[in-house]
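Asks: Below you will find the structure I want to go over with you.
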Ligand code: DX5
Ligand code: ZN
């Protein structure tokens with residue numbers, strides 16, 4: 001397994017977004033993570049298709065769109081047209097996961113499901129064949145720079161087991177409070193893709209921080 005680092009632009013300086021993305025790319029980022037929030041599913045509002053399009057124009061990296069919204073299917077077409085490579089919807093906001101994952105794949109995108117900290121893994125156990133990515137939230141979604149929930153690695157370990165037992169090749173991603181202090185436990189638990197906002201953008205040298213996070217997993221940078 002390789003370590004994939006996905007900087008979340010939620011913590012970027014939007015007055016120089018292009019430079020921030022170029023910096024991530026120069027630091028070896030694998031994906032760019034874009035947090036879409038609607039002020040309903042989560043108590044915060046961010047951005048939508050326009051920002052996806054702006055980021056798309058700045059980079060050829062894969063755009064990992066995390067949809068913290070109710071009725072996510074309303075936005076699939078627009079987000080794909082804007083340049084998304086992966087769409088991740090929340091199980092708590094999407095009762096018809098099978099239909100919606102199928103639709104995301106039809107649009108040529110990676111189909112992902114995110115689970116809040118309180119949501120059990122059984123929310124996805126019946127639809128593993130439709131799943132390209134499973135996102136385990138390691139904070140409650142809505143804001144950057146929150147405190148990592150310390151028992152999250154246990155859930156990641158069980159998620160890895162679930163995917164392996166189902167012979168699923170889905171990406172296992174974690175999001176929230178990922179830092180030099182937490183990434184190793186998550187990697188050892190079986191996560192392969194790490195979203196990080198605050199840890200990267202508040203670092204003295206954000207470029208180097210991407211390599212430092214990867215290095216904590218014991219993988220050469
Ligand atoms: C939280 C978002 C995250 C957030 C992570 O709701 O889904 O992607 O940007 O931020 P950090 O890494 O600062 O915890
Ligand atoms: Zn996110």
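Readers should treat all values here as calculations from the given coordinates under stated rules, not as data from a laboratory. None of the values given here were measured: they were computed from a predicted structure. In this analysis, Cβ positions are derived from the backbone assuming ideal geometry, glycine residues included, and neighbour counts consider all displayed protein chains.
Asks: Quick one: check the C-alpha center-to-center distance for region 50-64 versus region 157-221, whole angstrom.
Replies: Computed from Cα coordinates, the inter-centre distance equals 22 Å.
Asks: Something else about it: For region 1-96, what are Rg and Dmax over the alpha carbons, in angstrom?
Replies: Radius of gyration, then largest Cα-Cα span, for region 1-96: 13.3, 39 Å.
Asks: How many angstrom lie between the Cα centre of region 121-143 and the Cα centre of region 76-111?
Replies: Centre-to-centre distance over Cα atoms comes out at 13 Å.
Asks: Just to verify a number: FRET efficiency for residue 15 and residue 167, C-beta to C-beta distance, R0 = 41 Å, to 0.05? Spell out each step's value before the answer.
Replies: Working: r = 46 Å, r/R0 = 1.13.
Efficiency at R0 = 41 Å is approximately 0.30.
Asks: Sticking with this structure for a sec: On the first, second and third principal axes, largest extent first, how far apart are the outermost C-alpha atoms of region 133-192 in Å?
Replies: Reported extents, whole Å, longest axis first: 34, 21, 15.
Asks: Output the relative contact order of region 99-185, whole-number percent, from Cα pairs under 8 angstrom with separation of 6+ residues.
Replies: 30
Asks: As a check on your grasp of the helix formula, calculate [θ] at 222 nm for the chain: sum -39500 (n - 2.57) over DSSP H runs of n ≥ 4, divide by the residue count, round to the nearest 500.
Replies: Per the formula, -9500 deg cm²/dmol.
Asks: Next up: Using only the alpha carbons, work out the radius of gyration and Dmax of the chain in angstrom.
Replies: Calculated on Cα positions, Rg and Dmax stand at 15.9, 46 Å.
Asks: Something else about it: Could you quote the convex hull projected area for region 46-148, Cα atoms only and averaged over all directions, in nm²?
Replies: On the way: hull surface 26.6 nm².
Average projection, Cα convex hull of region 46-148: 6.7 nm².
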